[in-house]
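What follows is a short report on a single structure.
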Amino acid sequence: MTLSKEDAELFYELWFPILDFVNEKLNVNPDIGKIHGAQNLNIVEVKEIANALWDNVKLIDEYLEKHSYGFSKESLEIIEGWKRRVCDDFILERNLKSGSIFISSHTEEVYLVSGIISSWEEIFYYRSPPIMLSATLIPFRGVIISDGLVSAYNVVFGKNYSSEWKDIYMTAKKSGSIHKAL
């Protein structure tokens, strides 16, 4: 599952300016210029800026104080919700029609995660689950998405690990404890 075209556009309209704010405020990558509207971005450099935000989510409050006049109430709530982010290494355990199953490698919490423009299955078409990822999950209009800056580890799991991840998913499914929102 992915966001609608309109929701994906809204996400990026909200996301890029806050990254520009963080980069300007903290001088993370001064040579990168403006992210909002840029054509060719170095994802590693953008990820450094996002990590600076996730390491200090109080910057969201500061950003909203300075820029809230330009946003609708819903947009302000979306950005405010990003303070509930979950940064972790995850196992992408399986792809479903309703999203993909991410399992925290540290807490074993299970999340149903939607893609932004492409589904997780499309993004990782060249690999079969389980796939170990470094990602930040954020809420967006009642679903969970990533911040769009995900990296996969070059790890291959054997049958025992794959079976363990499957069992964690099945237990969460049976107990109704899969997180579908943050």
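The values are calculated or read from the model by the stated rules, or taken from the named source; none is laboratory data. Remember, it's a predicted structure, so these values are computed and weren't measured experimentally. All Cβ positions, even for glycine, are placed from backbone atoms using ideal geometry, and neighbour counts span all protein chains on display. Ligands, DNA and RNA are excluded from the accessible area calculation, which covers all protein heavy atoms including side chains. Shrake-Rupley method; radii C 1.70, N 1.55, O 1.52, S 1.80 Å.
Observations
- Criterion violated by Ser72 - all others in (1) modelled with pLDDT under 95; (2) in contact with a Cys (Cβ under 8 Å, 6 or more places away or on another chain) satisfied: (2)
- Matching option when the condition is in contact (Cβ under 8 Å) with a residue 24 or more places away in the chain and either assigned to a loop (DSSP other than H, G, I, E, B) or more than 14 Å from Lys173 (Cβ to Cβ) (or both), among Ile117, Ile101: Ile117
- Lys47 being surrounded by 15 or more Cβ atoms within 10 Å (Cβ to Cβ), out of contact with any Asp or Glu (no Cβ under 7 Å at 6 or more places or on another chain) and of a type in the set (Lys, Arg): yes
- Screening the candidates Leu112, Leu149 for the property of being of a type in the set (A, V, I, L, M, F, W, C) and assigned to a loop (DSSP other than H, G, I, E, B) yields one hit, Leu149.
- For the criterion of being closer than 22 Å to Ile117 by Cα, open to solvent by 70 Å² or more (accessible area, probe 1.4 Å) and not in a strand (DSSP E or B), Glu74 passes.
- Of residues in the range 88-139 being among the aromatic types (Phe, Trp, Tyr) and open to solvent by 10 Å² or more (accessible area, probe 1.4 Å), the one farthest from Ser177 (Cα to Cα): Tyr126
- The set of residues in the range 50-71 that are within 22 Å of Asp88 (Cα to Cα), surrounded by 12 or more Cβ atoms within 10 Å (Cβ to Cβ) and free of Cβ contacts under 8 Å to residues at least 60 places away in the same chain comprises Asn51, Ala52, Leu53, Asn56, Val57, Leu59, Ile60.
- All positions within the range 13-39 that are part of a helix (DSSP H, G or I) and open to solvent by 60 Å² or more (accessible area, probe 1.4 Å): Glu13, Glu24, Lys25, Leu26, Pro30, Asp31
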